[in-house]
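Note sheet for the following structure.
The values are calculated or read from the model by the stated rules, or taken from the named source; none is laboratory data. Not measured: the values here are computed from a predicted model. As a convention, Cβ positions derive from the backbone with ideal geometry for all residues, glycine included, and neighbour counts pool all protein chains shown.
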Amino acid sequence: MSNGSVWEAFLPAGSGGSGTPGENGVGVVSVTIDGTGHLLLTMTDGNVIDAGVARGADGAAGATGPKGDTGATGPAGAASTVAGPQGPKGDKGDTGDTGATGPAGAAGTNGTNGQGVPAGGSTGQVLRKTNGTDYNTSWVTLNGIPTGGTTGQVLAKTSATNYAVGWTTPASVGSGTGKPWYFDAPLASQFTFISGDATQLTYADDADVGLMLKSGPAPASGDVSRIGYKTLTNKALDWDVMIHAPITMNDSSYQKAGLFLMDSVSGRLAVVGQNNEYAPFGVVYFSSLTQYGGGPGMYNFSLQPTFYRVSSVTTTVNSVTTTTLTYYVSHDGKNWLQVAQTGATDWFTSRVNRIGFGFNIASNPTLPAIMTVDCFKLTGPAV
């Protein structure tokens, strides 16, 4: 056939024989884009073909789109097994309503019985410790204020017996001015008066000057002591006594006066004060109310002391116990001069138990001796 330019001829073909098999083809194993945007083809023969840029650089972020509709609530997640951090302490909440009263608890076990109050006793008695042992008590009757008395009276000891007191009218206080610091006048009612010739001291309380004493209305011969004294409660214990006693005596007569000590067992006495015998001052002993006994010392002072003091002090050194009597004098009651010191029983055969003031009169004095005691201070555990 002819189309005007080309001639086509169709020839009958015969069947050809089998040719030689071709080689296996190469396929693609994977396709990836690396970090630079290149397309990488991994072939079955292991070769990697870089097919060039397949992804350009990231563009600028686009504008935020409109908010989408809220999605459906998803299923609850599994509970965490790890505790989260503790949150800050919250504000204190309002006080809740008072709860209902709970049921009463069971009764407790009874306690041990106390010591209790001792049996017995009577109306008006009180409970008092008997000694230092725990719970050791007893019923006792207290000695109260005695009945009677009048306006202005005061209670005063009537004797050394425990609780022995009575109503006493004190000396008038006068103007109440001009009294010296030491003024502590004793009352005559507080003392017991004795005399070696049965003539008591003449005495009178005076608010302005103190207790005024005279040696008695009648003269005496020999050595006669006339004294007023208080009795110690326990003479085995320590004591201290101070008096202020201006004294006037006739220098031509043998007389002695001042602070007196006495042992009632033996009747022996001692006086620390003025005397008109050998020297104007001394510590003088008497064997009794009517007999002279010597003394540890006589002294001459240019100005006669008017304060007299004696102390009894017991000390123990290396298991040896000693009691000492020390005698003092003073012009002012503050600055004391020691004039003698003896053992408690060097002169006295028993311990001193009476302490007071008075006179020892001798040789028929022509004038009475007088004394004013405006201070009497007896202190210490023996009192």
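Please determine, by comparing only the residues of the range 28-44 that are modelled with pLDDT under 85 and assigned to a loop (DSSP other than H, G, I, E, B), which one is surrounded by the most Cβ atoms within 10 Å (Cβ to Cβ).
37
Give the residue that is farthest from residue 239 (Cα to Cα), with candidates limited to residues of the range 301-319 that are touching a residue at least 60 places away in the same chain (Cβ under 8 Å) and in a strand (DSSP E or B).
Ranking the candidates gives 307 first.
Which of the residues that make up the range 48-102 are surrounded by 10 or more Cβ atoms within 10 Å (Cβ to Cβ) and either among the basic types (Lys, Arg) or part of a loop (DSSP other than H, G, I, E, B) (or both)?
54, 55
For the range 339-367, give me each residue that is farther than 20 Å from residue 232 by Cβ and either part of a loop (DSSP other than H, G, I, E, B) or under 38 Å from the mean Cα position of the chain (by Cα) (or both).
362, 363, 364, 365, 366, 367
Which one is farthest from the chain's Cα centre (by Cα), of the residues in the range 368-380 that are buried (at least 16 other Cβ atoms within 10 Å of the Cβ) and part of a strand (DSSP E or B)?
Top of the filtered list is 370.
Output the residues belonging to the range 191-230 that are modelled with pLDDT of 85 or more and of a type in the set (Gly, Ala, Ser).
195, 196, 204, 207, 210, 225, 228
Filter the range 320-338 for residues that are assigned to a loop (DSSP other than H, G, I, E, B) and not aromatic (Phe, Trp, Tyr) and give the result.
Across the range 320-338, the qualifying residues are 331, 332, 333, 334, 335.
Out of everything in the range 264-294 that is among the aromatic types (Phe, Trp, Tyr), surrounded by fewer than 24 Cβ atoms within 10 Å (Cβ to Cβ) and in a strand (DSSP E or B), what residue ends up being modelled with the lowest pLDDT?
Among those residues, the one meeting the criterion is 281.
Within the range 108-156, which residues are part of a loop (DSSP other than H, G, I, E, B), out of contact with any Phe, Trp or Tyr (no Cβ under 8 Å at 6 or more places or on another chain), among the hydroxyl-bearing types (Ser, Thr, Tyr) and over 30 Å from residue 185 (Cβ atoms)?
Passing the criteria: 109, 112, 123, 130, 133, 135, 141.
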